[in-house]
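Data block below; observations after.
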Amino acid sequence: MAQPSDTRYLVAPGGTLRGRLRVPGDKSISHRSIMLAAIAEGETRISGFLEGADALATLNAFRRMGVRIEGPDGGEVRVQGVGLRGLRAPDGPLDMGNSGTSMRLLSGLLAGQSFPVTLVGDASLSKRPMRRVTEPLAQMGARIGTTEGGTAPLDLVPVERLTGLDYLMPVASAQVKSSLLLAGLYAEGETCVTEPAPTRDHTERMLTTFGYSVRRHAAKVCLTGGGRLTGCRLTIPADISSAAFFLVGASIAPGSDLILEGVGINQTRVGVINILRAMGGDIELMDRRTAGGEPVADIRVRHARLRGIRIPVDQVPLAIDELPVLFIAAACAEGETILTGAEELRVKESDRIQVMADGLAKLGVCAEPLPDGMRIFGGSLGSTSGPDAGDAPWIDAHGDHRIAMSFAIAALRASGPVAIRDCANVETSFPGFVELAATAGLSIQATRG
Ligand code: S3P
């Protein structure tokens, strides 16, 4: 697993993004593809799988529970499903690395197994809140031990039975919703989850693709335990959360004109497009189609003059992972951008409000962190060797992949080089980022050690 502090980026200022790119496969969908394929009956063939550390943590966990998995090889994976009751006890704790999705979804999927299992994670994951899943799972009858602070390691103890639950989520979280639905596969009766705002619906869609019946009535999604999943063929779209770095990069860099191929444009994920368009972004969706039960398009993005906006609160869950790079767009826009209603950013891989505010300050941007968001005054970007750099002439990504990539993109409009430390975890979601960015026109020198 990637260690903090071992990779630094030095990004040359300026440049233009041009050409055609395909970013790696969707992380959320990659996790779910392995989970559902493992507990399905028969073989599932997956293409477009994300070979990043997070999705590989999920894949390795199932291998350790006795599932035969070939690959990944160029994004191709073949899983021999063992059925709902076919998983075996692993020979020790399962390491989820940096991946909140692995830990929260697996706590639900494994809560109803007949063997004990312990889920552990790296330093960042071990600080993240887990009660949001362990408490409703306990209401279903699960027994899951946490630290006193409600964090990992999670100790799952087998129970006689789980029972269905009708749960109103206090936070709009696809991880919580998915965890409960996956536990619901093993529960007696019906499990329903009501979301306070729409969140990504990949679990529901994929369950349907595996032949499992999922019912939705407005904000409520329900399934009945004890059914079966049937192995199938899945094609995973390119990840809009990875495409987001290039959507913002091309929008802010004069002369840019870029096409991003085969990107997932599920309505629950397109907040970044909606927000950039509201800021004046020039984004066109071309050749819309469906792949693996998900809507996909090629996205053309050209440079545009962006203006600051008040980000609509209903877009926040739809752009939750893209908000750091949208802060970079805001820093390059004319006028003020205000984000509120995004307190969840404080409990991601880092405190993304504080860490982004600190990095923006180093670039001389006036950014005021709010308890649940940020106020950013757009203008020009300095550089980490400039007067705001202070004692440390770099931006600290705090081991957060999306922070590292966001500031790499900021260099397109910086007045001098941008240095970023603690970037190794870019591998968790976007292996090959430095090389792919170079083909589009961004010059990043990565140093390890
Ligand atoms: C994810 C859901 C979101 C998102 C995360 C992936 C998922 O988390 O931030 O990167 O795959 O379900 P929350 O459920 O905490 O909002």
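Things to note:
- A Förster distance of 51 Å, applied to the separation of the beta-carbon atoms of Arg310 and Arg63, puts the FRET efficiency at 0.60.
- Within the chain, percent of DSSP bridges classed antiparallel, to nearest 5: 75 percent
- 222 nm mean residue ellipticity, helices alone, for the chain (DSSP H n ≥ 4; -39,500 (n - 2.57); rounded to 500): -8000 deg cm²/dmol
- Percent antiparallel among DSSP beta bridges (both partners in region 164-236, rounded to 5): 75 percent
- Whole-Hz ³J(HN,Hα) from phi, Karplus 6.51 cos²θ - 1.76 cosθ + 1.60, for region 382-391, glycine and proline x: x, 8, 6, 9, x, x, 8, 5, x, 6
- The stretch between Ala392 and Glu148, if pulled fully straight at 0.36 nm per residue, gains 84.3 nm over its current Cα-Cα span.
- Using alpha-carbon coordinates, inclination of helix 174-184 to the longest axis of the chain, degrees: 10 degrees
- The ellipsoid equivalent to the alpha-carbon distribution of the chain has semi-axes of 37, 22, 21 angstrom, derived from the gyration tensor eigenvalues as √(5λ) and listed largest first.
- Kirkwood-based shape ratio for region 27-235, expressed as Rg/Rh from alpha carbons: 0.93
- Under 18 Å from Lys27, Cα to Cα: lysines that are on another chain or at least 8 residues apart: Lys177, Lys348
- Proximal aspartates and glutamates relative to Lys220, as straight alpha-carbon distance under 16 Å, when same-chain residues fewer than 8 apart are discounted: Asp166, Glu190, Glu195, Asp201, Glu204
- Applying a 4.7 Å Cβ-Cβ cutoff to the chain leaves Cys232, Cys332, Cys366, Cys423 as cysteine residues with no disulfide-compatible partner.
- Angle in degrees between helix 323-332 and the longest Cα principal axis of the chain, rounded to the nearest 10: 10 degrees
- Among 117-126, 211-220, the order from most to least packed when residues are scored by Cβ within 10 Å on average: 117-126, 211-220
- Angle in degrees between helix 53-64 and the longest Cα principal axis of the chain, rounded to the nearest 10: 20 degrees
- Taking the DSSP bridge list for region 27-235 and keeping only pairs wholly inside it, about 70 percent are antiparallel.
- Taking the chain and dividing mean pair separation by its residue count, relative contact order in percent (alpha carbons under 8 Å, at least six apart): 20 percent
Values quoted throughout were computed directly from the atomic coordinates according to the rules given, and no laboratory measurement underlies them. All values derive from a computational prediction rather than experimental measurement. Note: ideal-geometry Cβ built from the backbone for every residue, glycine included; neighbour counts use all protein chains shown.
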